[in-house]
Amino acid sequence: MPQSLVLVSGLSGSGKSIALKVLEDAGYYCVDNLPATLLLEVVDFLRDAGHERVAVSVDARSAALASLPEHIAKLKERGFDCRLLYLEANTPSLLRRFSETRRPASASAACLPTSQRSASASTPATCSRACCRTGSATCWAWGPAR
């Protein structure tokens, strides 16, 4: 049976940590806020340590996010069942969440332009994907490429 890997990504305040808590409750070993450059090494280490179900969050603002599709392709070659969960939230929800958990005066810094929210569009077709807008509780999914 291939090792199950769920990659959780999205903007700060979109609910990545909450999603990881739910996955942890479902039996996944979770790593929050992992730099994308460490993904391959960490996942290999966790596999070697006997963890069959792993969930990792990567912030959509990560400078190394562009390398994520290449990393996913390598993991698929190694037999991992990769799935991507991309979380979004509308600007008012992001501002509210950011001001509740960080400094209110800098809340607008959490909101990136809409063009930067679509990291899910750059994921490889071999990865199962789902996107959730946590501000409105709507989700949609794409299956793996055929």
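The values are calculated or read from the model by the stated rules, or taken from the named source; none is laboratory data. Just so it is clear, the model here is predicted, and its values are computed rather than measured. Cβ placement follows ideal geometry from the backbone for every residue including glycine, while neighbour counts extend to all protein chains displayed.
Among the residues of the stretch 68-84, those identified as part of a helix (DSSP H, G or I) and of a type in the set (D, E, K, R) are E70, K74, K76, E77. Checked against the criterion of being in contact with a helix residue (DSSP H, G or I) (Cβ under 9 Å, 6 or more places away or on another chain), part of a loop (DSSP other than H, G, I, E, B) and at pLDDT 90 or above, the stretch 99-122 contains not a single residue that satisfies it. Per the listing L65, L39, L34, the residue uniquely assigned to a helix (DSSP H, G or I), without any contact (Cβ under 8 Å) to a residue 40 or more places away in the chain and of a type outside the set (D, E) is L39.
Among the residues of the stretch 22-33, count how many are surrounded by 15 or more Cβ atoms within 10 Å (Cβ to Cβ) and either over 11 Å from the mean Cα position of the chain (by Cα) or of a type in the set (D, E) (or both).
Of the residues in that region, 5 qualify.
Among the numbered conditions (1) closer than 11 Å to L5 by Cα; (2) not in a strand (DSSP E or B), the only one that A55 does not meet is (2).
Table: residues versus (1) closer than 16 Å to C82 by Cα; (2) of a type in the set (D, E, K, R); (3) crowded, with 21+ Cβ neighbours inside 10 Å.
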position: G13; (1), (2), (3): no, no, yes
position: S17; (1), (2), (3): no, no, no
position: L20; (1), (2), (3): yes, no, yes
position: P35; (1), (2), (3): no, no, no
position: D48; (1), (2), (3): no, yes, no
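Going by the structure shown, is R61 among the basic types (K, R) and surrounded by fewer than 15 Cβ atoms within 10 Å (Cβ to Cβ)? Spelling it out, R61 is indeed among the basic types (K, R) and surrounded by fewer than 15 Cβ atoms within 10 Å (Cβ to Cβ).
The single condition among (1) of a type in the set (G, A, S); (2) touching a Pro at 6+ places or on another chain (Cβ under 6 Å); (3) at pLDDT 95 or above that A73 does not satisfy is (3).
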